[in-house]
Amino acid sequence: MPEIRVLPETVSNQIAAGEVVERPSAVVKELLENSLDAGATRIAIEFRHGGKSFISVEDNGCGMTPDQALMSLEMHATSKIRVTEDINAVRTFGFRGEAIPSIASISRFTMRTRPNNAHAGVEVFVNSGKFIYQKETGIAPGTRIEVANLFLPVPARLKFLKSENTEAAHITRLVRLYAVAQPLTGFTLYEDGAEIFRSPAQTTLLDRVSEIWGTRLAGDLSVLDPIENRGMRIYGLLGKPGIGRSTRQEMVTIVNGRPVDSRTLAYALVESYHTLLPRGRYPLAFIFLETDPNAVDINIHPAKREIRFRDESATRNFVITAVLRHLEALNSGAPPVILDSGDHAPLHTTADTPPPPTDSTQAPATSSPSTTSDQKRHNLPVPQPAPTPPAPTATPDNNTPPPPPQPTRPKDFRLNWRLAGHLDNELALFEAPAALIVLNLRTARERIWYERVLNRLDNHNSVSQQLLFPETMQLDPLPANTLREKQAILSATGFDIQEFGRDFFRIHAVPDWLKDSEIEHTLRNILAEIGRRPSETNRYPSTKELLAKIAATRAGRSTSFSNETATTTVRELFLCSQPTVSPNGKPTFFELTRAEISRRLDA
């Protein structure tokens, strides 16, 4: 039987670091939160090469004495709690005492710190968990921590990190969240020596969001004035009705000054907007919720990303009620109705696949070069579809997925169809010699445009339309990085996009299937879908199919379908390789044979 031994402290710290430090942004988060707990009013963050080679966080907080600096390197050494009961009322960001020793165990770690009442500071250096030296140093009051060569003693972890641009995007988003969540603290972020953004303290929330997220996004927000009820207080910024996003990236929830992920708050926001946004769209929101710390459990995840409320139902109902009343007042133009606060306890505050959107766009007009007298009578002969080439045999090195099986086509496709009328805007009724056919014009147009765009991409002959005035767009770091990585294939689709500033882009041309009013909305959807499925879209064929599906969804929708559009749609549909289904697998039509109609009438 193998001998049971106690692991060396260095090894156990490196194992613990795997739970706390998943990527460079986790290091920034832990150090940044320590600065906030130290009462800092200014925090400067700098990183290089996506945080893999260097990270520094400097603050003007209370600092530490030499003894306190050494003690902070011990596992589970903390000034935040003393007994188990303190966990139920945590008012600080950190409390476990794991972050500093965990980070020091997997990097070259340098700490310089000085309290306000000391004449000199102290410098401590630790290399891969081994204490090297402690010495006196000159430093302004506060703390500066430098982390170099992250994951130096565990190089296998480096293989699981993403590209430098992706890791940098995660760091930038994290600092943005805390910059919004902590308005009393000024934040400055540097990447590879260049300033990314500077957010001064004491600005209004709307100005702060405008500075960090951009003026265009800020223009889509309305101010939610503070509302209190039964020990809870909510305020912030809410997206205007009808304005949404395809991901939750800009649905920010902050509880007691801490940016968090909360299913309760996310559900409350989505539910409040469910009549104002299409299915699969998410509202813009920067929501601040203040409540008694005893009512929140922040100890359910090592990185403290997720929280739970003691009374999930009460919290959800409070948020839904407050948001709905604000939206109703916004629509009516009246001031928001303030809930009755009643008796409540004092408040305690601190110093990452949805269906495609369903909004409508105008389908490009299609017309036949000539119209025969037979077609004028809507007696439309259906052309035979072009033969589909056999699928290539898959090999272990072939990344191209095999095409889906070809559907079996009814014999009646060879017969003439005559337009009988419209059942509604999207459904057309055709009469055939032995059946009635109900055609879904929208899904049929989606199939047509899907194969049209896919064919253009395959043959590198996409049709692009130049914009009279280039459109500008500011993106969050993650979608901006996705755009840089996929710029070549977007260009092949018909987009002409140029970067002219950090995460700022100028759009000069777009594909011919895209309306001017839908440019930014569609491009954000494309980037969100690619970001949601990075492993799939790393392959060129998968990205082509994704772009073709989005193009089909946009171009396939129309405000109205005329008789001419219906007949033209049938002609073009049966030139497709798979006319019976849309790109999303929905049927384009179904038929009622004479025998089935007779059976139903005789039943």
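The values are calculated or read from the model by the stated rules, or taken from the named source; none is laboratory data. Note that the structure is a prediction, hence the values are computed from the model and not measured. Cβ placement follows ideal geometry from the backbone for every residue including glycine, while neighbour counts extend to all protein chains displayed.
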>> One residue is enough: does the stretch 157-167 have a residue meeting the conditions of a type in the set (S, T, N, Q) and loosely packed, with under 14 Cβ neighbours inside 10 Å?
In response: yes
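Among the residues of the stretch 419-468 satisfying the criterion of being in a strand (DSSP E or B) and among the polar types (S, T, N, Q), which is nearest to SER577 (Cα to Cα)?
Only one residue tops the list, namely ASN440.
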> Inside the stretch 518-580, counting only helices (runs of 4 or more DSSP H) that do not spill past its ends, which hold 1 or more residues that are among the β-branched types (Val, Ile, Thr) and at pLDDT 80 or above?
Replying inline: 519-532, 563-573
> Can you tell me which residue in the stretch 26-68 is modelled with the lowest pLDDT, limited to those that are among the acidic types (Asp, Glu) and closer than 25 Å to PRO155 by Cβ?
Replying inline: GLU30
>> Quick check on this structure: which one of GLY39, GLY61, GLY51 is within 15 Å of VAL147 (Cα to Cα) and not aliphatic (A, V, I, L, M)?
In response: GLY51
>> Pull out all pairs, ordered by first then second residue, where Cβ-Cβ is under 9 Å, the residues are six or more apart or on different chains, the first lies in the stretch 474-495 and is within 23 Å of ASN455 (Cα to Cα) and not assigned by TED's automatic domain parsing to the domain that holds ALA218, and the second is of a type in the set (Lys, Arg) and outside any loop (DSSP other than H, G, I, E, B).
In response: ILE489/LYS544; ALA492/ARG456; ALA492/LYS544; THR493/ARG456; THR493/LYS544; GLY494/ARG456
>> I'd like the residue in the stretch 116-160 that is under 15 Å from LEU70 (Cβ atoms) and among the charged types (D, E, K, R) and, out of all such residues, is modelled with the lowest pLDDT.
In response: LYS130
>> Take the residues in the stretch 421-437 that are of a type in the set (A, V, I, L, M) and in contact with a Phe, Trp or Tyr (Cβ under 6 Å, 6 or more places away or on another chain); name whichever of them is farthest from THR565 (Cα to Cα).
In response: ALA432
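So that you can scan it fast, the table gives a plain yes or no per residue for (1) at pLDDT 85 or above; (2) touching a strand residue (DSSP E or B) at 6+ places or on another chain (Cβ under 6 Å):
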| position | (1), (2) |
| --- | --- |
| ARG442 | yes, no |
| GLU446 | yes, no |
| VAL453 | no, no |
| ARG456 | no, no |
| SER464 | no, yes |
| MET473 | yes, yes |
| PRO477 | no, no |
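Conditions (1) of a type in the set (Phe, Trp, Tyr); (2) in contact with a strand residue (DSSP E or B) (Cβ under 6 Å, 6 or more places away or on another chain); (3) within 24 Å of LEU475 (Cβ to Cβ), marked per residue:
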site	(1), (2), (3)
LEU184	no, no, no
ILE196	no, yes, yes
ALA201	no, yes, no
LEU238	no, yes, yes
ARG248	no, yes, yes
THR253	no, yes, yes
> Taking ILE437 and the conditions (1) under 46 Å from the mean Cα position of the chain (by Cα); (2) modelled with pLDDT under 50, which numbered condition does it fall short on, given that it satisfies the others?
Replying inline: (2)
>> Show me the helices (runs of 4 or more DSSP H) found entirely inside the stretch 179-281 where at least 1 residues are touching a Lys or Arg at 6+ places or on another chain (Cβ under 6 Å).
In response: 205-213, 263-272
>> Considering only residues that are surrounded by fewer than 23 Cβ atoms within 10 Å (Cβ to Cβ) and over 14 Å from SER72 (Cα atoms), which ones fall in the stretch 99-129?
In response: ARG108, PRO115, ASN116, ASN117, ALA118, HIS119, ALA120, ASN127, SER128
> Can you name every residue in the stretch 234-249 that is within 26 Å of THR482 (Cα to Cα) and crowded, with 20+ Cβ neighbours inside 10 Å?
Replying inline: GLY239, GLY244, ARG245, SER246, THR247
>> For the stretch 264-286, give me each residue that is under 17 Å from the mean Cα position of the chain (by Cα), of a type outside the set (Phe, Trp, Tyr) and either on the phi > 0 side of the Ramachandran plot or modelled with pLDDT of 90 or more (or both).
In response: LEU265, ALA266, LEU269, VAL270, GLY280, PRO283, LEU284, ALA285
